[in-house]
Amino acid sequence: MQEKWPEEGFNDWLNLANSIKRSGAEMIVGLTASAEEAVQLTRALKTVGATPKLVYLSQGAQTEFIEGVGKEAADGVLIHTTWHKDVPFDGTLAGKPFNNADFVNAFEAAYGVEPDEDSAIPFAVCQGIEQAITGANSTDNAKMGEWLHARTKDDPARTVLGRFTWDERGLAKDKEHIMTQWQDGQLKFVYPKGEFEGVVPFSYPKAGF
C-alpha cells in the first residue's frame, strides 16, 4: 500500500496504522517529516498490533523519539541520519582538530546528556562558517562562498558531520546518509559496513510491538 498524509494538522494515525496492518505489509517505509510524526506513527502501529518485519523511518534518531515511544516500540526501528555519536568524523575548531568524539564529550560536559542529530547539525554549520571566515579572511558572504566552493576532496570543510565539498548547485558532493537502528533502548550505528569503526550488526526481523 501507499498513503500520503497532509503536511500539517494530521492526527488520524490509528486509521493509518490499521490500514497498514490490513495490508499485511512486512516492511514499512515512513517518510516522516519530524520526530513527532515518527512518534505518532510508531505509537499507532503498536496500538493496533501491527507486526512488520522492518520499520524504516526518515526521522526518529532524536532523543524525543525514544522518550515518546519507549524502548519496546522503538526496538528494531531503522533510521537514516546525517550523524551518530560513534561515527569517527574529524573536524576542526579555531584551527585545531575537533572531531566528533570531542563534540560528544564537550556537549555531555556542558549539558549532562548525549547530543543527538539536532544538536550536531547546527554545530557542524558553525564549524563550516568558522572555517570559511578563516579561509577567506573575511566575513563577506561572497568571499566565504568562494572559499567554500573551492573545497576539494583533499581539502574539504571538516565538521562533526564529516567532510564537505559542494557542486555548482551548492549541494554536498558524495555525501550519503548513515544508517542507525534502535536496539535495546540505544541508537546503534549499523551502516555503512567496512567504512568506519563502531558499526554493529543489523537486527532483523523487528521484535513485536
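The values are calculated or read from the model by the stated rules, or taken from the named source; none is laboratory data. From a predicted model like this one, the values you see are computed outputs, not experimental measurements. So basically every Cβ, Gly included, is an ideal-geometry build from the backbone, and we count neighbours across all protein chains shown.
The criterion of being in contact with a Gly (Cβ under 8 Å, 6 or more places away or on another chain) and part of a helix (DSSP H, G or I) does not hold for residue 79. Determine whether the stretch 155-165 contains at least one residue that is charged (D, E, K, R), more than 20 Å from the chain's Cα centre (by Cα) and either surrounded by fewer than 11 Cβ atoms within 10 Å (Cβ to Cβ) or farther than 21 Å from residue 88 by Cβ (or both). Looking through the stretch 155-165, none of the residues is charged (D, E, K, R), more than 20 Å from the chain's Cα centre (by Cα) and either surrounded by fewer than 11 Cβ atoms within 10 Å (Cβ to Cβ) or farther than 21 Å from residue 88 by Cβ (or both).
Consider the stretch 1-38. How many of its residues are in contact with a Ser or Thr (Cβ under 9 Å, 6 or more places away or on another chain) and among the β-branched types (Val, Ile, Thr)? Here the count works out to 2.
With respect to (1) in contact (Cβ under 8 Å) with a residue 24 or more places away in the chain; (2) at positive phi, the lone exception for residue 43 is condition (2).
Residues of the stretch 55-71 that are closer than 23 Å to residue 15 by Cβ, in contact (Cβ under 8 Å) with a residue 24 or more places away in the chain and either polar (S, T, N, Q) or surrounded by fewer than 17 Cβ atoms within 10 Å (Cβ to Cβ) (or both): 58, 59. Annotation note: Cβ proximity below 6 Å between a residue of the stretch 10-30 that is closer than 20 Å to residue 78 by Cα and a residue that is basic (Lys, Arg) (sequence gap 6+ or interchain) occurs for 26/53.
Does residue 98 qualify as being in contact with a helix residue (DSSP H, G or I) (Cβ under 7 Å, 6 or more places away or on another chain), among the hydrophobic types (A, V, I, L, M, F, W, C) and either at pLDDT 95 or above or crowded, with 20+ Cβ neighbours inside 10 Å (or both)? Against the criterion (in contact with a helix residue (DSSP H, G or I) (Cβ under 7 Å, 6 or more places away or on another chain), among the hydrophobic types (A, V, I, L, M, F, W, C) and either at pLDDT 95 or above or crowded, with 20+ Cβ neighbours inside 10 Å (or both)), residue 98 does not qualify.
In the condition set (1) more than 30 Å from residue 46 (Cβ to Cβ); (2) at pLDDT below 95, residue 193 is compliant with all but (1).
All conditions in (1) within 18 Å of residue 117 (Cβ to Cβ); (2) touching a Pro at 6+ places or on another chain (Cβ under 6 Å) hold for residue 165, with the sole exception of (1).
Residue by residue, here is whether (1) out of contact with any Leu (no Cβ under 8 Å at 6 or more places or on another chain); (2) not polar (S, T, N, Q) holds:
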residue	(1), (2)
132	no, yes
143	yes, yes
149	yes, yes
163	yes, yes
180	no, no
196	yes, yes
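Restrict the check to the stretch 46-53 and report whether at least one residue is touching a helix residue (DSSP H, G or I) at 6+ places or on another chain (Cβ under 9 Å), surrounded by fewer than 20 Cβ atoms within 10 Å (Cβ to Cβ) and among the hydrophobic types (A, V, I, L, M, F, W, C). Yes, some residue in the stretch 46-53 is touching a helix residue (DSSP H, G or I) at 6+ places or on another chain (Cβ under 9 Å), surrounded by fewer than 20 Cβ atoms within 10 Å (Cβ to Cβ) and among the hydrophobic types (A, V, I, L, M, F, W, C).
Going by the structure shown, is residue 150 of a type outside the set (D, E, K, R), surrounded by 14 or more Cβ atoms within 10 Å (Cβ to Cβ) and either closer than 25 Å to residue 104 by Cα or modelled with pLDDT of 95 or more (or both)?
Judged against the criteria, residue 150 is not a match.
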